[in-house]
Ligand code: NAD
Ligand code: ZN
């Protein structure tokens, strides 16, 4: 079968011919419907290397950590699942028995040092292929909903959902505001989730006018970048500042914008992994602001994300690519030429 393989650090992936995998005990073989290209993949193949201690991400393996598909085959001991049914893949794979794994939060597995990989598509073969194997416990049913457009939900949906859920105490009650910085794969779904599960006014910004136009269609008020941007955002909040800020870029200027926009007792979540730095000081940041980062989400939350999708309350914007064009999808992602999410349909 054909697959997008990450072969070496600091080297773009290749389109290669590899063996069709066989599901092990407790796993299923999935026929892939869609595999989203996430900006984190670019960091993995272009920025990281062995010196950063990323042993679980050591190549080579098939990329693709946001995947949907149909069960093709059941591995030994798997019961209660039917061939042909459609599922989302919960990517993170921890030990399965520590406290975080037991509550479905494999992202924070306590035995991660003993695991040979982090997730499907991150150290272990992922979904940028015609078939993949997945532990049965990592499947989230999609029912009758379109499995192709669902693929990005596994990360571009789940990651913002997790960050937003942890911010809900800041958004409860009337007159609250949220700010979404960066309206790409994750950010555009974040706007939809905020509209679906909170009553907050959603303010959004991106460098790309078409991304902001799309956010407006999802119900956001947009504020373009440039001089005085934080002041204009504050004006939209009646001068109080934003109750929950989400930065899907994570470079120094966007974190600075987030910090300049956040309200007293607000929450600021940096989701983008660009590694930007910010010099916090007692006098610079309003009182009692929670300043945090975040990583992916829990499988329980992915069930909730799938429920929102099945109810038609959220739907990722997708651009489809054949397997032949999978590398072109990554090229366009890197060049910032995509709107929404590139989904490879092998
Ligand atoms: P993307 O490329 O699809 O979207 C990024 C968006 O940010 C684009 O629309 C771009 O125009 C916009 N942007 C870039 N610079 C900007 C600036 N200075 N001001 C405003 N907008 C700007 O990327 P994505 O796949 O949505 O991922 C977003 C970030 O989230 C990446 O850093 C990715 O690695 C990270 N990520 C983090 C997690 C996590 O668990 N923390 C999970 C998935 C992705
Ligand atoms: Zn664990």
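Things to note:
- Checking each residue in region 212-228 for being more than 23 Å from residue 169 (Cα to Cα) and surrounded by fewer than 16 Cβ atoms within 10 Å (Cβ to Cβ) picks out 213, 216, 217, 224, 225, 226, 227, 228.
- So residue 134, is it outside the structural domain of residue 212 (by TED's automatic domain parsing), surrounded by fewer than 24 Cβ atoms within 10 Å (Cβ to Cβ), in a strand (DSSP E or B) and modelled with pLDDT of 95 or more: no
- Residue check for residue 88: within 26 Å of residue 298 (Cβ to Cβ), surrounded by fewer than 15 Cβ atoms within 10 Å (Cβ to Cβ) and in contact with a strand residue (DSSP E or B) (Cβ under 7 Å, 6 or more places away or on another chain): no
- Take the conditions (1) within 26 Å of residue 54 (Cβ to Cβ); (2) in a strand (DSSP E or B); (3) within 18 Å of the chain's Cα centre (by Cα); residue 140 misses just one of them, which is (1).
- Of all the listed residues (126, 75), the sole one being surrounded by fewer than 22 Cβ atoms within 10 Å (Cβ to Cβ) and either modelled with pLDDT of 95 or more or assigned by TED's automatic domain parsing to the domain that holds residue 187 (or both) is 75.
- Lone qualifier among 333, 308 - being away from ligand 1 (no atom under 15 Å from the Cβ), crowded, with 17+ Cβ neighbours inside 10 Å and not assigned by TED's automatic domain parsing to the domain that holds residue 162: 308
- Residue ID - nearest to the chain's Cα centre (by Cα), chosen from residues in region 312-323 that are within 21 Å of residue 214 (Cβ to Cβ) and in a loop (DSSP other than H, G, I, E, B): 316
- Just one of the listed residues (155, 206) is touching a strand residue (DSSP E or B) at 6+ places or on another chain (Cβ under 7 Å) and crowded, with 18+ Cβ neighbours inside 10 Å, namely 155.
- Test result for residue 79, on the phi < 0 side of the Ramachandran plot and touching a strand residue (DSSP E or B) at 6+ places or on another chain (Cβ under 9 Å): no
- Long-range neighbours under 6 Å by Cβ, at least six apart or interchain, first residue farther than 30 Å from residue 92 by Cβ and within 16 Å of ligand 2 (Cβ to nearest atom) within region 281-298, second at pLDDT 95 or above and assigned to a loop (DSSP other than H, G, I, E, B): none
- Restricting 245, 285 to those that are crowded, with 17+ Cβ neighbours inside 10 Å, outside the structural domain of residue 149 (by TED's automatic domain parsing) and part of a loop (DSSP other than H, G, I, E, B) reduces the list to 285.
- The condition (being touching a residue at least 12 places away in the same chain (Cβ under 8 Å) and under 28 Å from residue 213 (Cβ atoms)) is satisfied by just one residue among 326, 335: 326.
- The condition (being modelled with pLDDT of 95 or more, near ligand 1 (Cβ under 9 Å from one of its atoms) and either in a strand (DSSP E or B) or closer than 26 Å to residue 345 by Cα (or both)) is satisfied by just one residue among 215, 204, 163, 211: 211.
- Residues in region 243-265 that are away from ligand 1 (no atom under 13 Å from the Cβ) and in contact with a helix residue (DSSP H, G or I) (Cβ under 7 Å, 6 or more places away or on another chain): 243, 244, 260.
- Scope region 31-70; condition over 12 Å from the mean Cα position of the chain (by Cα) and in a strand (DSSP E or B); matching residues: 31, 32, 33, 34, 35, 61, 62, 68, 69, 70
- The test for being over 16 Å from residue 270 (Cβ atoms) and free of Cβ contacts under 8 Å to residues at least 60 places away in the same chain does not hold for residue 208.
The values are calculated or read from the model by the stated rules, or taken from the named source; none is laboratory data. Every value quoted in this text rests on a predicted model; they were computed, and no experiment measured them. Cβ sites come from the backbone with ideal geometry, for glycine too, and all protein chains shown count toward neighbours.
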